[in-house]
Each structure stands twice: as structure tokens, then as C-alpha cells.
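Asks: Take a look at this one; I'll ask things after.
The values are calculated or read from the model by the stated rules, or taken from the named source; none is laboratory data. If you're wondering where the values come from, they're calculated on a predicted model, not measured in any experiment. We place every Cβ from the backbone using ideal geometry, glycine too, and count neighbours over all the protein chains shown.
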Amino acid sequence: MENEQIIKLLNQDIQDEHGAIIQYLTHAYSMGEGEMSCEIEAFAREEMRHLDWLAETIVELGGQPSLKRGTMNMSGKTPPEWMADDVKLEQGAIDNYTEHIKLVDDPKIKRLLKRILADEQAHHGKFEHFVEKAKREGQKDVRGDRKDSVTKTLNWGIEHEYTVVLQYLFHSYMTGNEEAKKQLEDQAINEMQHLGWLAEEVVDGGGSPKIEHTSPDQSTRTTDMLKADIKIEKEVAEAYDKAAKEVDDAGLKELLIRIRDNEKYHIEVFNDLLEDEEGDEGLGEIVNIPDSGG
């Protein structure tokens, strides 16, 4: 199988992993605190690891990882029905990985897909167990219908955090700068934490988290990436600062200020990386100036 065909298959898998992450997080947040929701969040983190492995493999093959989100099974109305939807999603993943393992010839990629398949099979079994457990424990949807300005602000924050998680991950996969790669991965993890904090705050306040994103920047030149990352961080730091001044709840104000300060830290990190990257580019230009022979 040609690299182009393998990249296409792996990007299909990435899209499915992406969809699974959001489906599982939505279900976990909607159930509130508890052992089951914590386990489901852990599954989402494992799916994120799968996405990361697949993306790195795609880049090694000369491709670009897809940021599209695959189909999700979100028809259920109650936690037992959600768990049944998750069983179906995992079965779909098992079927797809089983087929892709047969199609791919590369032994390293085949081994990776088998590794991911083992996780999906384990998730499938756990979700089957959760269907009955959710019924037995009387798990309920703890979301409310609050739609005031505070909920709107929090859902705006979720949208931003989701967007930059995708943006920073994509940039980390595409950059050739190892320090930038590390920092972008670290900041993506931090933004994922923010998303979780905000979603939990929405639920605690009687609202419903809306986990959607806008268009992430997909620059492939490191200086362009960092400039885009600095720009969005400056905008959002100002927005969080404004929101913190407008809310009355002390706990929420503290959370927004904490996130704002994290964003300011990201700006400083990205500025340092940009300075170094531009300095290296400038040095390269100087080194490559032809000798005039004077």
C-alpha cells in the first residue's frame, strides 16, 4: 500500500478518535462527579494518546493530520443509553482497526494499530459493563437549561479552549523545532485542563456545556504558527480578563483569572520561541550570504 493510501486510512482513524474524545467527555461532564465519569474521562485521554500516535505516524509518512471530527453517536437521552452509544462507537472502532490492520503492509504501523485495537476492545467491555452499572446506580443527566450571560461566557471559553487544543497539537506535529514541539504539546494539555474546568463550571451552574470549536490555524511554518498562537492568546487573555471583571461569583472570578494568567504565560513562552526561531532564521540568512570576494 502506498504512503498516500496509508495516510488516508490513518486520517480516518484520527477523525474517529477525535469524535470519541468529544463524545466521552460530553458524557462524563453530563454525569457530574463520580467514579464512572472519572473512568470515562480516562478513556478520553487514552483516545487522545491514540490520536497523537496516529498523527506522528502520518507526519513521518509525509502527510498532515486531519483536524476533522468523526461521526459521534449522541442519540441517547439517559446515561444508560449514552453508555450503549459508547459501546456502538467502540464496536465501530474495533471493526475499522481490524480492517485497517489487514490492509496495511508496514509492520511498524500494523503493530501500532494492533496496540490501539487492544485499547478499544478493553473500552468496549467497560462500556458494556457501564450500561448496567448506570441503570443500577440510577445515574442521571445532571445538566440544566441555564442560558444566561455567565453560561454564554463559559461556553465561549470552552469553544476557545477546544480550538487551541487542536491548533497547538497540529502545530506541534508539523514543526521541526523540538523545543517548540514540546512547549506546544504542554500548552495544549493545559488548554485541555481549562476546557474541563469550564465545562464542569457550566454543569455546576445549571447549564449544558457546548463542546464545539472554530477554525484552528493550520500554518506549517514555525514562525507563522507561533505568531498565530500569540495572536489568539492575546485576544483570549483580554477576553478572560474582561469576563472576570463582569462576574459576581467569587469562585468563578478566581477561575477566570487563573485561566487568564495561564494564557499570559503561554504568550511569554510563545514569544520566547518566536524570538529564537526568528534569530535562527536570520542567522541562516547571514551564513548563506555569498562571499563577495572583497
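Asks: Output the residue which, of all residues in the range 158-186 that are under 13 Å from the mean Cα position of the chain (by Cα) and over 17 Å from LEU51 (Cα atoms), is surrounded by the most Cβ atoms within 10 Å (Cβ to Cβ).
Replies: The selected residue is GLU161.
Asks: Within the range 51-62, can one find any residue that is within 30 Å of GLU201 (Cα to Cα) and either part of a helix (DSSP H, G or I) or touching a helix residue (DSSP H, G or I) at 6+ places or on another chain (Cβ under 7 Å) (or both)? Don't jump to the end; show me each part of the working.
Replies: Let us first name the residues in the range 51-62 that are within 30 Å of GLU201 (Cα to Cα), namely 51-52.
Going one step further and asking which of them are either part of a helix (DSSP H, G or I) or touching a helix residue (DSSP H, G or I) at 6+ places or on another chain (Cβ under 7 Å) (or both), we end up with 51-52.
Yes, some residue in the range 51-62 is within 30 Å of GLU201 (Cα to Cα) and either part of a helix (DSSP H, G or I) or touching a helix residue (DSSP H, G or I) at 6+ places or on another chain (Cβ under 7 Å) (or both).
Asks: Restricting to the range 69-122, give me the number of residues that are of a type in the set (S, T, N, Q), assigned to a helix (DSSP H, G or I) and more than 26 Å from VAL165 (Cα to Cα). Outline the logic, then answer.
Replies: As a first pass, look at the range 69-122 and keep what is of a type in the set (S, T, N, Q): 71, 73, 75, 78, 91, 96, 98, 121.
Within this subset, residues satisfying the condition of being assigned to a helix (DSSP H, G or I) are 91, 96, 98, 121.
Adding the requirement that they be more than 26 Å from VAL165 (Cα to Cα) leaves 91, 98, 121.
Matching residues across the range 69-122 total 3.
Asks: Mind checking whether some residue in the range 205-212 is within 13 Å of TYR29 (Cβ to Cβ), hydroxyl-bearing (Ser, Thr, Tyr) and within 20 Å of the chain's Cα centre (by Cα)? Working first, answer last.
Replies: The initial filter retains those residues of the range 205-212 that are within 13 Å of TYR29 (Cβ to Cβ), namely 205, 207-211.
Next, only the ones that are hydroxyl-bearing (Ser, Thr, Tyr) stay: 208.
With the extra rule that they be within 20 Å of the chain's Cα centre (by Cα), the set shrinks to 208.
The answer is yes; a qualifying residue exists.
Asks: Within the range 196-230, how many residues turn out to be in a helix (DSSP H, G or I), within 30 Å of ASP276 (Cβ to Cβ) and in contact (Cβ under 8 Å) with a residue 60 or more places away in the chain? So that I can check it myself, show each step before the final result.
Replies: Quick first cut of the range 196-230, residues in a helix (DSSP H, G or I) only: 196-204, 222-230.
Cutting the leftovers down to within 30 Å of ASP276 (Cβ to Cβ) gives us 222-230.
Then keep just the ones that are in contact (Cβ under 8 Å) with a residue 60 or more places away in the chain; that gives 228-229.
Number of matching residues: 2.
Asks: Kindly establish whether THR26 is surrounded by fewer than 18 Cβ atoms within 10 Å (Cβ to Cβ), among the polar types (S, T, N, Q) and not assigned by TED's automatic domain parsing to the domain that holds HIS194. If you could, list the steps in order and put the result at the bottom.
Replies: Working: surrounded by fewer than 18 Cβ atoms within 10 Å (Cβ to Cβ): no; among the polar types (S, T, N, Q): yes; not assigned by TED's automatic domain parsing to the domain that holds HIS194: yes.
Criteria not met by THR26.
Asks: I'd like to verify a number: residues in the range 155-188 that are outside any helix (DSSP H, G or I) and over 17 Å from VAL269 (Cβ atoms), how many? Please lay out each step first, then the result.
Replies: Of the range 155-188, the ones outside any helix (DSSP H, G or I) are 175-177.
Retained after the next criterion (residues that are over 17 Å from VAL269 (Cβ atoms)): 176.
Of the residues in that region, 1 qualify.
Asks: Quick check on my filter: what residues within the range 29-58 are acidic (Asp, Glu) and crowded, with 22+ Cβ neighbours inside 10 Å?
Replies: Step one: of the range 29-58, the residues acidic (Asp, Glu) are 33, 35, 39, 41, 46-47, 52, 56.
Scanning the range 29-58 gives a single hit, GLU47.
Asks: Restricting to the range 187-207, and then to whatever is crowded, with 19+ Cβ neighbours inside 10 Å and among the small types (Gly, Ala, Ser), can you tell me which residue is nearest to ILE158 (Cα to Cα)?
Replies: ALA199
Asks: Something else now. Here are some residues: ASP119, ASP85. Which one is in contact with a Gly (Cβ under 7 Å, 6 or more places away or on another chain), of a type in the set (D, E, K, R) and at pLDDT 95 or above?
Replies: Details: ASP119 fails: in contact with a Gly (Cβ under 7 Å, 6 or more places away or on another chain).
Every option except ASP85 fails the conditions.
Asks: Give the residue that is surrounded by the most Cβ atoms within 10 Å (Cβ to Cβ), with candidates limited to residues of the range 116-157 that are under 15 Å from TYR97 (Cβ atoms) and touching a helix residue (DSSP H, G or I) at 6+ places or on another chain (Cβ under 8 Å). Walk me through how you get there before you give the answer.
Replies: Going through the range 116-157, the residues under 15 Å from TYR97 (Cβ atoms) turn out to be 116-124.
Checking which are touching a helix residue (DSSP H, G or I) at 6+ places or on another chain (Cβ under 8 Å) leaves us with 116-117, 119-121, 123-124.
On the way: ILE116: 22, LEU117: 18, ASP119: 17, GLU120: 26, GLN121: 16, HIS123: 24, HIS124: 18.
Step by step, filter the range 116-157, then rank; the result is GLU120.
Asks: Then there's this: Test each condition in (1) under 21 Å from GLY76 (Cβ atoms); (2) over 14 Å from the mean Cα position of the chain (by Cα) for VAL150 and report the one that comes out false.
Replies: (1)
Asks: Another question, if that's okay. Quick one: in the range 257-292, which of the residues that are farther than 26 Å from HIS171 by Cα and not small (Gly, Ala, Ser) is modelled with the highest pLDDT?
Replies: Initial filter on the range 257-292 (farther than 26 Å from HIS171 by Cα): 257, 286-292.
Filter once more, so that each one left must be not small (Gly, Ala, Ser): 257, 286-291.
Working: ILE257: 97, ILE286: 41, VAL287: 40, ASN288: 45, ILE289: 40, PRO290: 44, ASP291: 46.
For the range 257-292, the residue satisfying everything is ILE257.
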